[in-house]
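As C-alpha cells, the structure follows; a few thoughts come after it.
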Amino acid sequence: MTEFNITKPEDFITMPWRNGLGSTIELVKHWSGDSFQWRLSMAEVTQDGAFSDFSGYDRCLLLMHGKGMTLTDQVGQQWRLSETLDAAHFKGEDLIDACLHDGPILDFNLMTRRKDCRAKVFTSQQEKSQKIDLNGDLFLLFSIQGNTHFQLNNRQQTQVQEQHILQLGSSTADTCHCHGEAWVGILISNP
C-alpha cells in the first residue's frame, strides 16, 4: 500500500507578514534548525508595496486569483503575472515591489532555503495532465481549483480535493501522473 500525507485547509495557519502590511496563510513547512527549510503559503495582496526580506531563500510566486500584479526588483527586472499560475522566480533578498493591476489578488508562494534544498515547480498551466519523474526527496501536490487526480507508478488513481496538499516521500514511487484543472506540483531535492 502506498503511503502519503494529505494536509487539509483546516490545518493551515494564518500569520502576519514580516513587514506588517498583510498576512500569509501558511499551508505546510519543514523546519530545520531555527528556521524553515521550505514552506508553501498563500497570501492576499490588497495594496501595492514592498515584499518582506527572506534572505537566503529562493522564491517562486504564482498568481492564483485576481487580475494580476507586476513585480519589479532593485535592478528593474520585471515579472508580469496576469494569468492564473503565471510565475515569478527570485531570491528572497531581492528588493521586490509589487504593483497590482486591478484590485486584490491571491498568490501562492514557495520558499526554499538555498543552503538546504532546491525545488522544481510543475503547474497545470504547462499541461493539465503531466507525468512527473519523482527524482527528488519530496513531492508536494497542491490542488488549487477543482479536484486533482494523481496516479503513482501507473497504479490506481487517487484524488486530492480542492485546497488540499499531498506529500509523498522519495521512496513512495518513481513517477506521478497528475491531472486536473489548476494544480501545482513541487519536487524538492536536498543537495
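Each reported figure results from applying straightforward, stated rules to the coordinates on display, with no laboratory input. Keep in mind the model is a prediction, meaning the values are calculated, not measured. Don't worry about glycine lacking a Cβ; one is built from the backbone with ideal geometry, like all the others, and counts go over all protein chains shown.
Derived from the Cα gyration tensor, the three semi-axes of the equivalent ellipsoid of the chain are 27, 19, 15 Å, largest first. Site pair Lys91 and Asp34 shows an inter-label distance of 2.2 nm when each label is modelled 7 Å from Cα along Cα→Cβ. State the Cα centre-to-centre distance between the range 1-79 and the range 127-191 in whole Å. Spelled out, the Cα-based centre of one part sits 20 Å from the other.
May I ask you to work out the translational diffusion coefficient for the range 105-159 at 37 °C, viscosity 0.692 mPa s, via Stokes-Einstein with Rh from the Kirkwood sum over Cα pairs, reported in whole µm²/s? Let's see the in-between values first.
Details: Rh = 13.5 Å.
Here the translational diffusion coefficient equals 244 µm²/s.
Ellipsoid semi-axes for the range 11-113, based on the Cα gyration tensor and the rule √(5λ), read 21, 16, 12 Å when sorted largest first. Stretching Ser129 away from Ser170 to a fully extended chain increases their span by 12.6 nm, per 0.36 nm per residue minus the current alpha-carbon distance.
Between Asp11 and Gln159, what length in nm is gained on full extension when 0.36 nm per residue of separation is reduced by their alpha carbon distance? List each step's numbers first, then the result.
Numbers: separation 148, 0.36 × 148 = 53.28 nm, distance 1.85 nm.
Result for the pair: 51.4 nm of gain on full extension.
Only Cα pairs under 8 Å and 6+ residues apart enter the sum, and on that basis the relative contact order of the range 11-113 stands at 33 percent. Dividing the convex hull volume of the alpha carbon atoms of the range 118-189 by its residue count gives 69 Å³ per residue.
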